[in-house]
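Here the structure comes first, spelled out in structure tokens, and everything after it is commentary.
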Amino acid sequence: MKPLELLQKWMSQNGLDEEAMDSSGRVCAFLFNDQFPVSLEAPAYCEDLFVVIELLPAGSGELRKKRLEAAMQLNNYALETRGGVIGWDTVGERLVLSYRLTAEGADEQQLDAIISNLLEVAGELVPQLAFEEYEARQRKVSQHIDLHLQAIKP
């Protein structure tokens, strides 16, 4: 089966209409459970289908470093990610979970199982990558830095 055909059959099976497609007709995007933006991409130049799930913003400074280090550790042997890969989308400044599926020989039920599996993994990964306590501390420092750095007139 061709990637675009697989994508269209999966969309039909799951009740997604053409509104979920981009203008090229090769990318389907939707929001799962009000938490995870998901995109399915069937590029014209290859026979594979790509599943990409946005996990969370990469952050900045030390928080970004901590998240990227943790992501690379979670990628080891692809055990934690069940075959998916955690990557850094530099354009969107976010961490994503992605999976590349060879469309030939695949069907919409298999694609559905893969997406469900990846969404379950995403739900488990986000708390591990969030570093919520560290992020809250960093936010607090950023918000109160103005109080400590005040210009004076000589």
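Residues of region 70-118 being touching a Lys or Arg at 6+ places or on another chain (Cβ under 7 Å) and either of a type in the set (Gly, Ala, Ser) or under 15 Å from VAL52 (Cα atoms) (or both), which ones?
Correct list: LEU95, ALA103, ASN117.
Considering region 10-46 alone, what residues qualify as being surrounded by fewer than 16 Cβ atoms within 10 Å (Cβ to Cβ) and under 13 Å from GLU108 (Cβ atoms)?
Scanning region 10-46 gives SER12, GLN13, ASN14, GLY15.
Go through the residues of region 82-103 one by one and say whether even a single one is surrounded by 12 or more Cβ atoms within 10 Å (Cβ to Cβ), under 14 Å from the mean Cα position of the chain (by Cα), among the basic types (Lys, Arg) and under 22 Å from CYS46 (Cα atoms).
yes
Against the condition at pLDDT 95 or above and either over 18 Å from ARG64 (Cα atoms) or touching a Leu at 6+ places or on another chain (Cβ under 9 Å) (or both), how does LEU101 come out, does it pass?
Answer is yes for this residue.
Among the numbered criteria (1) under 25 Å from ARG139 (Cα atoms); (2) open to solvent by 50 Å² or more (accessible area, probe 1.4 Å), which single criterion is violated by LEU56?
(2)
Could you list, in sequence order, all residues of region 20-42 that are small (Gly, Ala, Ser) and more than 13 Å from VAL52 (Cβ to Cβ)?
ALA20, SER23, SER24, GLY25
The values are calculated or read from the model by the stated rules, or taken from the named source; none is laboratory data. These numbers come from a predicted model, not from an experiment. Glycine also receives a Cβ, built like all others from the backbone with ideal geometry; neighbour counts cover every protein chain displayed. Protein only, heavy atoms only, side chains kept; ligands, DNA and RNA dropped before computing areas. Shrake-Rupley method; radii C 1.70, N 1.55, O 1.52, S 1.80 Å.
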